[in-house]
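The structure appears right after this line, and notes come after that.
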Amino acid sequence: MQAFYTDHFVLPLPPDHRFPMSKYALLRERIVREGIIAAEDLQVPAAASDEELLRAHDADYVQRVVAGQLTRQEIRRIGFPWSEGMVERSRRSSGATIAACRTALTDGVAVNLAGGTHHAARDHGAGYCVFNDSAIAARAMQAEGRARRVVILDCDVHQGDGTASILAADPTIFTFSIHGAKNFPFHKQQSDLDVELDDHTEDQVYLDMLEEGVQRALALAHADFAIYLAGADPFSGDRLGRLKVSKAGLAARDRFVLEVCQQQRLPVAVTMAGGYAREVSDIVDIHAETVRRAAAVCAAWGAK
């Protein structure tokens, strides 16, 4: 299975910053060390072009991001200080999801070791998200004639509000989000299918609601391609998650989502999305298990 990484595009942050940027390099090191993915199957993606970005974002917003003309309020809403490195990394993260989509359509499954920037809306960024890689990549696959209908399965603990708003009037891309009802963003958008979870939801209820929701989403979407935002932040130890899902529960989630896509012969690109546990090793554990499961499904896909 191929995976795409951007962790060498450094985004310097203050030591007390809440976003664990180190998780990306640690994840890449872990999956190679454990033999989940061979080093030669790790690829650096091309940056998303202006043409690709503009299928999901307003031209004025893209221009101001690139030129460093965002207002102080807009930068605060994103949560990262502006820099040329921030722009390049954001382009590359979207480029990695595009590359993973292209590869998944050939191999069945592929992974972006970052991505899942689902709070970015058409005309603004938010919540550590500058450009919305899922919307950008889904429309890239359509523009390239690789897919007609796409389903986005968002299992990050926070609603994919930016994705929902960008794609609200698009019947060819189905948006599904399972998330904390009372968590960020506090003003929710309307996905094609939203599943809201109470604070402190534990494994069994989470998995029951996930399975019902994903099955319904796939039945309604009539898609020929999927993008799966895995998310490590439903984890019980996450600082921002407010749920009580165990690592085993999240592994079961990954297994279900990826295997149901395999069963329906639905190619799937996987992105990591959020993760804010107190111990970065917990985030890496969860993301690595997602990649491990994706690699297993990819191998099984190729065997059929």
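Here, each number is a calculation from the coordinates, and none is a lab measurement. Keep in mind that this is a model prediction, so the values were computed, not measured. Using ideal geometry, Cβ is built from the backbone for each residue, glycine included, and neighbour counts are taken over all protein chains shown.
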Original post:
Taking the DSSP beta bridges in the chain as the whole, what percent of them are antiparallel, to the nearest 5?
Top reply: 5
Subject >> Only Lys, Arg (+1) and Asp, Glu (-1) charged, at Cβ; the range 195-253 dipole about Cα centre in debye >> reply: 200
**OP:** Could I have the simple spin-label model distance between ALA181 and HIS8, label points 7 Å from Cα toward Cβ, reported in nm to one decimal?
**Re:** 4.7
Subject >> Residue list for the range 111-150, given a label point 7 angstrom along the Cα-to-Cβ vector of LEU42 and an amide N cut-off under 20 Å >> reply: 111-116
Original post:
To the nearest 20 debye, what charge dipole does the range 220-260 have about its Cα centre, counting +1 at the Cβ of each Lys and Arg and -1 at the Cβ of each Asp and Glu?
Top reply: 300
Subject >> Linear extension gain, PHE19 paired with THR71, 0.36 nm per residue minus alpha-carbon span >> reply: 16.6 nm
Original post:
GNM on the chain, C-alpha springs below 10 Å: top fluctuator among SER134, SER236, SER93?
Top reply: SER236
**OP:** Apply the Karplus parameterisation 6.51 cos²θ - 1.76 cosθ + 1.60, with θ equal to phi minus 60°, to every residue of the range 281-296 and state each ³J(HN,Hα) to the nearest whole Hz, in sequence, with x for glycine and proline.
**Re:** 4, 5, 4, 5, 4, 5, 4, 5, 5, 4, 5, 4, 5, 4, 5, 5
Subject >> 3J(HN,Hα) from dihedral phi, the range 115-120, Karplus parametrisation 6.51/-1.76/1.60, rounded to Hz, x for glycine, proline >> reply: x, x, 8, 8, 8, 5
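In terms of the Cα gyration tensor, with a ≥ b ≥ c the square roots of its eigenvalues, is the range 244-293 rounded because a/c is under 1.5, prolate because a/b exceeds b/c, or oblate?
prolate
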Subject >> Most mobile of ALA46, ALA273, ALA230 in a GNM of the chain (Cα contacts under 10 Å) >> reply: ALA46
**OP:** Compare ASN112, ASN132, ASN183 in a GNM of the chain, Cα atoms joined below 10 Å, and give the one with the largest fluctuation.
**Re:** ASN183
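Taking 0.36 nm per intervening residue step and subtracting the Cα-Cα distance, what contour gain separates ARG55 from ALA169 on full extension? Please list the in-between numbers first.
On the way: separation 114, 0.36 × 114 = 41.04 nm, distance 1.35 nm.
Computed gain between ARG55 and ALA169 is 39.7 nm.
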Original post:
Taking amide hydrogens as modeled 1.01 Å from N in the peptide plane, which residues meet the under 5 Å criterion relative to GLY241, leaving out close sequence neighbours?
Top reply: none
Subject >> Tensor-based shape of the range 84-174 (alpha-carbon gyration tensor, a/c under 1.5 rounded, otherwise prolate or oblate) >> reply: oblate
Original post:
In terms of modelled amide H atoms, which long-range or inter-chain residues lie less than 5 Å from the amide H of ALA114?
Top reply: MET272
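Is there a quick way to get the dipole size of the chain? I mean about its Cα centre, with the Cβ of Lys and Arg at +1 and of Asp and Glu at -1; what is the value in debye to the nearest 20? List each step's numbers first, then the result.
On the way: 33 positive and 41 negative charges, 53 e Å.
The calculated dipole for the chain is roughly 260 debye.
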Original post:
Out of these labelled values of Rg and Dmax of the Cα atoms in Å, [x] 23.7, 90; [y] 23.1, 73; [z] 17.3, 53, which was calculated from the coordinates shown here?
Top reply: [z]
Original post:
Which listed residue (GLY241, ILE173, LEU220) has the Cα farthest towards the positive end of the charge dipole for the chain, taking +1 on Lys and Arg C-beta and -1 on Asp and Glu C-beta about the Cα centre?
Top reply: ILE173
Original post:
Where does each of 97-108, 214-225 land if you order them by average Cβ count within 10 Å, highest first?
Top reply: 97-108, 214-225
